[in-house]
Amino acid sequence: METLSIQKEAAVKAHENAKTSGKKLLEDLFGKKTFQKDVMERVKTFGDVLKELDIHTGHFENSLIGLSDDEQAYRKAKLIVQALNEGWTPDWTDSSQGKYYPWFNMDDSSAPSGFSCDDSICRRAVH
């Protein structure tokens, strides 16, 4: 049997220009993941978040009925994180796993509101 080789860039370009049946054929040959863009390219809006998570817009909007604005915002924020993490969830019991989290300095003298933030840190414990 003869083997054919193709540059990934050529396959991706062919996939972009193909009709539905051609896209399916290429995905069957090379795997769907080969043609999947980086999550930061795929997810630009909240609509993209819902699409990424396969959530119908109407269902999500119905789930917000009766919730306060802050509760609605929290639900949206959780979905954004879920989409951008692509299924990965941090293990908060594993100190060797790098994580980002907010840190607030509650010092009355630093800001009129009593809160200030001027930096971010990713810490990793070494075992």
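What follows is calculated from the coordinates using simple rules that are stated; it is not laboratory data. Please read all numbers here as calculations on a predicted model, not as lab measurements. Cβ sites come from the backbone with ideal geometry, for glycine too, and all protein chains shown count toward neighbours.
Residues H56, H15, ranked from the fewest to the most other C-beta atoms within 10 Å, line up as H56, H15. Full extension of the chain between D38 and H56 yields a length gain of 4.3 nm, computed as 0.36 nm times the residue separation minus the alpha carbon distance.
Rounded to the nearest 20 debye, the dipole magnitude of region 7-80 is 420 debye, with +1 charges on Lys and Arg beta carbons, -1 on Asp and Glu beta carbons, and the Cα centre as origin.
Positive contributions from Lys and Arg (+1) and negative ones from Asp and Glu (-1), summed over other residues with Cβ under 15 Å from the Cβ of G31, come out at +4. Note on D48, D38: ascending count of other Cβ atoms within 10 Å places them as D38, D48, the fewest first. Summing charges over neighbours of S21, with a neighbour being any other residue whose Cβ is under 12 Å away from its Cβ, gives +1 when K and R count +1 and D and E count -1. The lysines within cross-link reach of K32, meaning a Cα-to-Cα straight distance under 19 Å and a gap of 8 or more places when in the same chain, are K8, K13, K19, K23, K24, K51.
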